[in-house]
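Q: Could you have a look at this structure, given as structure tokens, before my questions?
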Amino acid sequence: MKRFHQRRHTRLHRSLSMLILLVFALLCAPQSASSKVYLEINQPHIRKIPLAIAPLRSLDGREQGGKLADTCREVMIQDLDFSTFFNVLGDPSTYLENSRKSGISLGTFDFKDWSLIGAELLIKGGYYQTGDQLILELRLFDIFSRKMIIGKRYRGRLQDQRLMAHKFDNEVVKAITGLPGEFSSKIAFVGKKQDRHGVSQEIYIMDYDGAGLKQVTHNRAINLSPSWAPNVTKLAFTSYKKGNPDLYVIDFNRGRERLISRKKGINAAAEWSNDASRIVLMQRFEDNSEISIISANTGRLLKRLTKNWANEASPCWSPSGKKIAFVSDRAGSPQIYTMELGNNDLRRLTRSGSYNAHPNWSEFNNKIVFTSIIDGSFQICVINPDGSGLQQLTYLKGNNEDPTWSPNGQHIVFTSSSTDIRQLMVMNLHGRDIKPITRGKLDKKSPTWSGNQ
């Protein structure tokens, strides 16, 4: 059985590593247009920049890969529309340019064809396809200054075309806003299902948009609280497969699963430090659940952070790694606290509501998102680390729980029971543009959003 699981993880590793090791080469240095400030992103309402994406063309003169070109373009449209920074002019019937007679380099097309339809930014691209090998060239232009902002060439397998498009879209967002993109990230979650063996909860992963769904545990046990390592090559999770809730790590590079912590009682709600050397988690001490830090390599206890009669849960790191936020019922009900790791200085963060839990701290906007019971149901709220700026983000029916930030702090994924079966929903950081990213009969919970590959 052990060899079976090793082979299964090796197959998964091979699939992922071909994506992770994709060649990512710079075509040319950014031109002066890249220093332009395009958007002020720290406002609830921003003007979306009109952006056009020209149909991709074959660069070797052979008319092939029409479906490939359409797929890449569709991925770019979906990504950049999702980002909330762009008004994507995606209908090619409104374009004035003759795509068969124009190129993708400066001097081979007319900027006027694009300014007349209201575009301010333009993406052009082309591809070379040989068998299952693909080279994709993509370029972003500033229509007003008539300059190229960025240009990239990607080389990989034909099946990597989605990741190539995602990576370029990350570059577009970074060039325009200064933020990293979100599009080559992954979401892990727990899926509950019932079969002839009974009820199990397995760990699944997928792309940020719900594509590429894969089941990564197959132990038919209760598996909980997945957590991505910063480089997206490892995933920690808790499993009852040996009776006790032990902490495991899947290493996708090595194609194996490893037991990290089996302290009696509980080893759950793990979260990696920014340098991937430590894991903060919930463990059992003196019949209470407490917060501790262990070595990510050996599982050795490095520091016990709390020692209290109350129960502590759901720890998460601050962006600097010098603080944690966690949940404690020491005041009589579950509330969120922060702790300074250097001196164990404790601060209560939430003071309204009888139940506040599941904090997640964003690196890029320095806000903490969490779950709160409001009018009898769970809703998503956000607060500043000093306790100010409390804001309710969701007003959906049912329960809305387990929020976690996207890699650049611009979106939040969460679990919602507003439909018959719990699905994963996503919204922007202001609680707008809420939409499902999963469907189907699999009951889903505990999503966690990775960094970019």
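The values are calculated or read from the model by the stated rules, or taken from the named source; none is laboratory data. Everything numeric in this text was worked out from a predicted model, so none of it was measured. Using ideal geometry, Cβ is built from the backbone for each residue, glycine included, and neighbour counts are taken over all protein chains shown.
Q: So, A268, is that one outside any loop (DSSP other than H, G, I, E, B), assigned by TED's automatic domain parsing to the domain that holds I203, under 26 Å from Y208 (Cα atoms) and in contact (Cβ under 8 Å) with a residue 24 or more places away in the chain or not?
A: Yes, satisfied.
Q: Of all the residues that make up the stretch 280-303, how many are surrounded by 21 or more Cβ atoms within 10 Å (Cβ to Cβ) and of a type in the set (F, W, Y)?
A: 0
Q: I'd like the residue in the stretch 154-175 that is touching a Gly at 6+ places or on another chain (Cβ under 7 Å) and within 18 Å of P55 (Cα to Cα) and, out of all such residues, is surrounded by the most Cβ atoms within 10 Å (Cβ to Cβ).
A: Top of the filtered list is M164.
Q: Restricted to the stretch 358-410, and to residues that are of a type in the set (D, E) and without any contact (Cβ under 8 Å) to a residue 40 or more places away in the chain, which residue is nearest to Q423 (Cα to Cα)?
A: This residue is D375.
Q: Now a separate question. Go through (1) surrounded by fewer than 22 Cβ atoms within 10 Å (Cβ to Cβ); (2) at pLDDT 95 or above; (3) within 25 Å of R284 (Cβ to Cβ) for D402 and report which single condition fails.
A: Here D402 meets the rest and fails (1).
Q: If I ask for residues that are assigned to a helix (DSSP H, G or I) and either surrounded by 18 or more Cβ atoms within 10 Å (Cβ to Cβ) or at pLDDT below 95 (or both), which ones from the stretch 97-140 would you list?
A: Those that are assigned to a helix (DSSP H, G or I) and either surrounded by 18 or more Cβ atoms within 10 Å (Cβ to Cβ) or at pLDDT below 95 (or both): D113, W114.
Q: What pairs come up if the first residue lies in the stretch 428-453 and is among the aromatic types (F, W, Y), the second is outside any loop (DSSP other than H, G, I, E, B), and their beta carbons are under 7 Å apart, counting only those six or more places apart or on different chains?
A: Filtered contacts from the stretch 428-453: W449/S185; W449/I187; W449/T404; W449/W405; W449/V413.
Q: Do we find that I324 is at pLDDT 95 or above, assigned by TED's automatic domain parsing to the domain that holds N231, aliphatic (A, V, I, L, M) and within 25 Å of K241 (Cα to Cα) in this structure?
A: When the stated conditions are applied, I324 does not pass them.
Q: Next question. Considering only strands (runs of 3 or more DSSP E) fully contained in the stretch 295-414, which possess at least 3 residues that are under 26 Å from S261 (Cα atoms)?
A: 301-304, 312-317, 323-328, 335-340, 356-361, 400-405
Q: If we scan the stretch 141-153, do we find a residue that is more than 28 Å from R47 (Cα to Cα) and surrounded by fewer than 22 Cβ atoms within 10 Å (Cβ to Cβ)?
A: Within the stretch 141-153, one or more residues are more than 28 Å from R47 (Cα to Cα) and surrounded by fewer than 22 Cβ atoms within 10 Å (Cβ to Cβ).
Q: Considering only residues that are of a type outside the set (S, T, Y) and within 17 Å of G126 (Cβ to Cβ), which ones fall in the stretch 140-161?
A: Residues satisfying the conditions are L140, F141, M148, I150, G151, K152, R153, R155, G156, L158, D160, Q161.
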